[in-house]
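In what follows, a single structure is set out as structure tokens and then discussed.
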Amino acid sequence: MCLKLIFVEIQIFMTENDFIPSSYLSAIQEGEVTYKSPSNIALVKYWGKRENQIPANPSISFTLNACATTTTVSFEKKKISSAEFSFDLWFEGNQKESFKPKINVFLGRIEKYLPFLKDFHFIINTSNSFPHSSGIASSASGMSALALCFMEIERKLNPEMTDSFFNKKASFLARLGSGSACRSIEGNLVQWGQHEDTEGSSDLYGIKYPYQVHDIFKNYHDTILLVDKGQKQVSSTVGHDLMHQHLFAKNRFAQAHENLSKLKIIFSEGNLASFIEIVESEALTLHAMMMTSLPYFMLMKPNTLKIINEIWAFRAASETQICFTLDAGANVHVLYPENEKEKVYPFIKEKLVPLCENGSHITDRIGFGAQKIGYLSDT
Ligand code: PMV
């Protein structure tokens, strides 16, 4: 009984050191692994971080289904050992030198936790289900897919690894690539960041939401409206950084904690009016933080505001539970329950799609996390 309790405690509260392997049980020479990992959309937003991608406040997201990155990592033991990372990078069928520095930084951050990285040459082959330059960030799906491939290699080196450890460490590593990527490992609702009312929550990795979720949230739809496909003027990295000296930061971080506590009841009862209030307020607060940073900036475009107003007018007139959220850009995520799709989708097509750049939109819905597509190895 006592032993069991200790084991559960270790599983729940992992520290950074728990992710450093002491030794490996097996040896491998070469192989190939493929993972498909989804994007996610935050309901309570992560905006502001401390060193090592530690979030300034907890966040929660719906895992998506259609928007995903598929990554294959082929690996071969180096003939001669070297102190450098060795990899080739292919993106959608072409070698992509310009992506390599970012991956090199990522490898440098995770090497301590995956000490085999310098023993192999890797060929990383990656592609997205959504068009490049669509304004959809690929860092969450991309970094999580890559982290999962490396974890699969580590699992070959340490076959006794549990699934629970595998998922936590994959999330932990993905976080070091891009914060929100740590919410893309498991579905369908993932929380990241230490929160007083959520058992097992951690700043180090995302966890599958551990409480009851009402059936109304099953199969929830997210139609993503691509309002502006251009490059953002201000990156998320700069935006997070501006929260350090932000006048409203303290209140904003406290608000995120409160919203997560409120969502616990809302998720269990399925109260969509309260859900909408929190989700839309979170989206607007995120952008309000941008507009009140110093220097201030704005990522919404005129059509972002037009879409929001159309959604509000339609919701009032149709008595549906349609709502919106925003990520760090001009695009709008339109959220609605499965049982309203016949009413809501025609409205989206008629009124909102014409406000998108070239009518571009993606019909997505809540998904169930990353999938292993394959593993091939001779030794
Ligand atoms: O993971 P990053 O550093 O790209 O930050 C993502 C921030 C938001 O998308 C705006 C919010 C979130 O929680 O995903």
Item checked: Average accessible area per residue (Å²) across the chain - probe 1.4 Å, nucleic acids and ligands excluded -> 45 Å²
Check: With the dipole of the range 219-365 worked out from charges on the C-beta (+1 for Lys and Arg, -1 for Asp and Glu) around the Cα centre, which of Q321, L263, S360 lies farthest toward the positive end?
Finding: S360
Margin query: Considering only C-alpha atoms, what is the centroid distance from the range 265-323 to the range 31-108, in Å?
Written below: 29 Å
Check: Most mobile of L294, L225, L286 per a Gaussian network model of the chain (Cα springs, under 10 Å)?
Finding: L294
Item checked: Net charge, M143 excluded, C-beta distance under 12 Å - Lys, Arg +1, Asp, Glu -1 -> +4
Margin query: I want the local charge near G108. Using Cβ-Cβ distances under 14 Å, sum +1 for each Lys or Arg and -1 for each Asp or Glu among the other residues.
Written below: +3
Next item on the list: Can you tell me the 0 to 90 degree angle between the C-alpha axis of helix 272-291 and the longest principal axis of the chain, rounded to 10?
Entry: 80 degrees
Note to self: Within 10 Å, at most 13 other Cβ atoms, and a DSSP state outside H, G, I, E, B define an exposed site. Report the longest part of the chain free of exposed chymotrypsin sites (Phe, Trp or Tyr not before Pro).
What the structure shows: 14-295
Next item on the list: Within the set of other residues whose C-beta is less than 12 Å from the C-beta of E186, count the net charge using Lys and Arg as +1 and Asp and Glu as -1.
Entry: +2
Item checked: Taking all pairs of distinct alpha-carbon atoms in the range 29-209, Kirkwood radius in angstrom -> 16.5 Å
Checklist line | Within the range 281-309: backbone nitrogen closer than 17 Å to the Q245 label point (7 Å, Cα to C-beta) | finding: 290-297
Item checked: Positive-end extreme of charge dipole, the range 29-209 - chosen from C67, V190, G108 (charges on Cβ) -> G108
Item checked: On Cα atoms only, tilt of 139-157 relative to the major axis of the chain in degrees -> 30 degrees
Check: Ignoring ligands, DNA and RNA, what percent of the 1.4 Å accessible area of the chain is carbon and sulfur?
Finding: 53 percent
Item checked: ³J(HN,Hα), Karplus 6.51/-1.76/1.60, whole Hz, each residue of the range 169-183, x for Gly, Pro -> 6, 4, 5, 4, 5, 4, 4, 6, x, 7, x, 5, 5, 5, 9
Check: Are there GluC sites (Glu not before Pro) in the range 312-352 that DSSP marks as loop and that have at most 14 other Cβ atoms within 10 Å, and which are they?
Finding: E319
Next item on the list: Give a quick list of GluC sites (Glu not before Pro) in the range 173-272 that DSSP marks as loop, anything other than H, G, I, E or B, with at most 10 other Cβ atoms within 10 Å.
Entry: E196, E199
Margin query: Full-extension gain between K118 and T237, please, as 0.36 nm times their residue separation minus the C-alpha to C-alpha distance.
Written below: 40.1 nm
Item checked: Charged-residue dipole, Cβ positions (Lys, Arg, Asp, Glu), the range 219-365 about Cα centre, Debye nearest 20 -> 260 debye
Check: Can you pull the accessible area of S26 for me, 1.4 Å probe, Å² to the nearest 10?
Finding: 40 Å²
Next item on the list: Counting other Cβ atoms within 10 Å, keep those with at most 14, restrict to DSSP loop, and tell me which trypsin sites (Lys or Arg not before Pro) in the range 134-241 are left.
Entry: K218
Margin query: Quick one: 3J(HN,Hα) in Hz for the range 317-329, Karplus 6.51/-1.76/1.60 with θ = phi - 60°, rounded, Gly and Pro as x.
Written below: 7, 9, 6, 8, 10, 5, 8, 10, 9, 10, 9, 7, x
Notebook entry, point to check: When you take every Cα atom in the range 210-349, what is the radius of gyration, and what is Dmax, the widest Cα pair distance, in Å?
Noted result: 16.1, 46
Item checked: Theoretical gain in end-to-end length, K78 to E319 [0.36 nm per residue, Cα-Cα removed] -> 80.5 nm
Next item on the list: Would you pull out the residues with amide H under 5 Å of A66's amide H, same chain only if 5 or more places away, H placed 1.01 Å from N?
Entry: R365
Checklist line | Virtual spin-label span in nm between Y345 and D88, 7 Å along Cα→Cβ | finding: 4.2 nm
Next item on the list: Can you tell me the relative contact order of the range 311-379? Whole percent, Cα pairs under 8 Å, sequence separation 6 or more.
Entry: 17 percent
Note to self: How big is the range 292-379 along each principal axis, measuring the range of its Cα positions in Å and listing the largest first?
What the structure shows: 61, 43, 25
Item checked: Within the chain: Cβ-based charge dipole about Cα centre, in debye rounded to nearest 20 (Lys, Arg +1; Asp, Glu -1) -> 500 debye
Item checked: Farthest toward positive dipole pole in the chain [+1 Lys/Arg, -1 Asp/Glu at C-beta], among M298, A249, I311 -> M298
Item checked: Binned Cα-Cα distance frequencies in the chain - 10 Å width, integer % -> 5, 23, 32, 25, 12, 3, 0
Item checked: Relative contact order (%) - criterion: Cα under 8 Å, at least six apart; region: the chain -> 25 percent
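The values are calculated or read from the model by the stated rules, or taken from the named source; none is laboratory data. Just so it is clear, the model here is predicted, and its values are computed rather than measured. Positions of Cβ are generated from backbone atoms using ideal geometry, with glycine treated the same way; all protein chains shown enter the neighbour counts. Calculation scope for accessible area: heavy atoms of the full protein, side chains included, ligands and nucleic acids excluded. Shrake-Rupley method; radii C 1.70, N 1.55, O 1.52, S 1.80 Å.
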